[in-house]
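In what follows, a single structure is set out as structure tokens and then discussed.
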Amino acid sequence: MNNNCPVCDTEYLEGEHQRCSQCGWDLTPVPGSPSSKLRKAFLVKQKIQIDWARKMWIRHQIQSEFNHQNTAENASHLEKFSLLENQFTERFNQVTIELEQAREERAYLQSQLEWISTYLQGVNFQHIETVLGQVSNWMQGSAVLPTQEETADPFYPSSEVGIDYSRLMNLLSKGKWKKADEETWAIALKAAVREEEGWLSLEDLQRFPKTDLATLDWIWDYYSHGQFGLRVQQQIWETVQGDYTEFCDRVRWRVQDNWIYYDELDFSLDAVPGHLPAIAWRKRACYGVGKSTAQEALITLFESLQNIQ
């Protein structure tokens, strides 16, 4: 498809030229969809640049003709043209910087909106309204304030040891499964107060905060649409009657009689059910963590999960 340069009107073939052969104008198509606000803003600023460049091109043409007719005054006019060219370049660079800053600000705002959206997904507004109503009735002397167990919301990401789950939820919502699994391990160490040691003992798993264990399971189940999570793994464990080798074959922690390493995990939704998260082991599926085997850690983890109502 033939087009004309917006500055000097020179004809060129779209897709085969990056810059105009006459004036050097950048002919690269503007990226983004026609409805994109960022693209529209870029086109508005580009129009200013084009108008400026067209004026410069016309002056250049006039200057060239003038130089051809009168070489005596050529040096003076070239100096003026050079000054104008420098001014144009400076302005062009300034506009480019402003566009890049606008792009970065837009990306930051987008990330903040995604975080807020992720956080609000876990908020049970109906439950909050019910509790506020009960508090209001209690203050008026017409009701008894509910206990903590009665007001506990099993579908809200909560923690009994002050864990912030927003980063994990954000990673899972974006499908960043490996980073989410690493964040899950970091949360497990923090919840068990084992960050300095870097591993979990069987006693740590036995004493693991029940609220946080339930929260980790719910978050993984929710964002994977039931594909991953601790209870999904527990169901598979019960199906194979506690056979760790067969369990690992089912969840693909063992492939063709080979125990896989952590970096060989399939960090995608294409993985088989129960493939993630990996808490019972960190380096290789047959090694375990700390002083316990992977099988012992998994059994203890499932026993702790079983005690959660």
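The numbers here are math on the coordinates, done by the rules we state, and not lab data. All values derive from a computational prediction rather than experimental measurement. Every residue, glycine among them, receives a Cβ derived from its backbone with ideal geometry; neighbour counts consider all protein chains shown.
Summary of the geometry: the range 270-289 and the range 191-218, compared by the centres of their Cα atoms, lie 16 Å apart. Projected label points at Leu13 and Asp26, each 7 Å from Cα along the beta carbon direction, are separated by 2.4 nanometres.
Could you work out the local net charge near Leu276, counting Lys and Arg as +1, Asp and Glu as -1, over the other residues with Cβ closer than 14 Å to its Cβ? Every neighbour counted, the sum reads -2. Computed from the C-beta positions of Ser33 and Ser117, the FRET efficiency with R₀ = 25 Å rounds to 0.70.
What the Cα convex hull of the range 157-306 gives, in volume per residue, is 97 Å³. Structure note, pairs Lys174/Lys210; Lys37/Lys176; Lys190/Lys291: Cα-Cα distances above 23 angstrom occur for Lys174/Lys210; Lys37/Lys176. Estimated at 0.36 nm per residue, the fully extended path between Gln94 and Val240 surpasses their Cα-Cα distance by 46.0 nm.
Figure the gain on full extension for Val255 and Lys190 (residue separation times 0.36 nm, minus the Cα-Cα span) and round it to one decimal in nm.
Full extension of this stretch gives 20.3 nm more.
By the scheme Lys and Arg +1, Asp and Glu -1, what is the net charge of all other residues having a beta-carbon under 14 Å from that of Ser33?
+3
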